[in-house]
Amino acid sequence: MRTASQLRVPLRASRTLAIALPALALAAFASWTSIGAPLWADVAVWLAVTLWACFAVVTHALRLSSRSIVELLLAEDAILVVRTRAGRLRAGHVRTASFVHPWLTTIVWRPDGARCSRSMVVVPDMLDVDDFRRLRVLLRYGRREVDAGAPASQA
């Protein structure tokens, strides 16, 4: 029996996310102001959306926060281990809700012992081209024991 293949990739800062996240914040604020809320509500929403955008850019785009994920280890059997900037390792299982596309990949995973799933966005400028392709292939075609069950007997 062959061993499961693994992919270990470091994640870099992303210009794409650094532009997309503030653009999403502006779109959210523009849609809020179109409903004609009072001025105090506009200020509160502007403050909340600005704080969210700053946190998201620092954590997910620039990867400067201690909770930012800086490295992924993905096995063929959909086991994921992430390493944060603070050096903490968390292992879990990739969920079927993950999305794979040539320009955007979202990984939905549940850490071992956690009640809720987590998600992360991976865009092409975070990885080398070959590593991004291998990550997408493993996410799309990797075997999940929970979903697929035990492999059929080859006898």
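Bear in mind these aren't lab numbers, they're just calculated from the coordinates by the rules spelled out. Treat the numbers as computed from the prediction; the structure is a model and nothing was measured. Neighbour counts run over all protein chains shown; Cβ positions are idealised from the backbone, glycine included.
Using a Gaussian network model of the chain with C-alpha springs under 10 Å, which one of Val45, Val137, Val108 is most mobile by mean-square fluctuation? Checking each option, the largest mean-square fluctuation is seen for Val45. Using equal-weight Cα scatterers in the Debye expression, the normalised intensity of the chain in log10 at q = 0.19, 0.21 Å⁻¹ is -1.18, -1.33. For the range 52-65, the Karplus equation 6.51 cos²θ - 1.76 cosθ + 1.60, evaluated at θ = phi - 60°, returns couplings of 4, 4, 5, 4, 5, 5, 5, 7, 9, 8, 8, 6, 9, 6 Hz by residue, with Gly and Pro reported as x. Between Trp103, Trp40, Trp32, the GNM of the chain built on Cα springs shorter than 10 angstrom shows Trp40 fluctuating the most. Residues of the range 102-131 with amide nitrogen under 17 Å from the 7 Å Cα-to-Cβ point of Arg88? The answer is 109-120. Dividing the summed helix terms, -39500 (n - 2.57) for each DSSP H run of n ≥ 4, by the number of residues in the chain produces a 222 nm estimate of -11000 deg cm²/dmol to the nearest 500.
The stretch between Ser117 and Phe55 holds 20.3 nm of extra length on full extension. This uses 0.36 nm per residue minus the Cα-Cα distance. As a rough guide to protection, the peptides 85-96, 16-27 ranked by mean Cβ packing within 10 Å, highest first, stand as 16-27, 85-96.
Rounded, prolate or oblate: which fits the range 15-61 when a ≥ b ≥ c are the square roots of the eigenvalues of the alpha-carbon gyration tensor, with rounded for a/c under 1.5 and prolate only if a/b beats b/c? It is oblate, given that a/c is not under 1.5 and a/b is not larger than b/c.
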